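Below is one structure; the comments refer to it alone.
Please treat every number below as a calculation from the coordinates, not as lab data. If you're wondering where the values come from, they're calculated on a predicted model, not measured in any experiment. Positions of Cβ are generated from backbone atoms using ideal geometry, with glycine treated the same way; all protein chains shown enter the neighbour counts.
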Amino acid sequence: MMLDQQQVETALAGLALGEIVAMTELSGGHAAVFKLDLSDGRAVTLKVYQADHTKPDKDAFAAAQLR
């Protein structure tokens, strides 16, 4: 799956993460997962679902564990 960096930056603008300097697709799983390297040296993970994704329960549980 290819991502457009400008679209990703626009979608994540409200999070004030800074500039994305590299996007790397990671392997595994059913949804596409990308590592986004930021200009300040941090990295974040972006998981991209298809429009028909209907089972977010597992990811919601995992996200709740990070709080």
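Relative to the current alpha-carbon distance between A13 and A31, full extension at 0.36 nm per residue lengthens the span by 4.3 nm.
Working note: Karplus 6.51/-1.76/1.60 with θ = phi - 60° gives segment 45-50 the couplings 10, 10, 10, 10, 9, 6 Hz, where Gly and Pro are set to x.
Provide, for q = 0.27 Å⁻¹, the log10 of I(q)/I(0) from a solvent-free Debye sum over equal Cα point scatterers in the chain. Treating every Cα as an identical point scatterer, log10 I(q)/I(0) equals -1.32.
Given labels modelled 7 Å from the Cα in the Cβ direction, how far is it in nm from T24 to D57? Going by the 7 Å Cα→Cβ label model, 3.4 nm.
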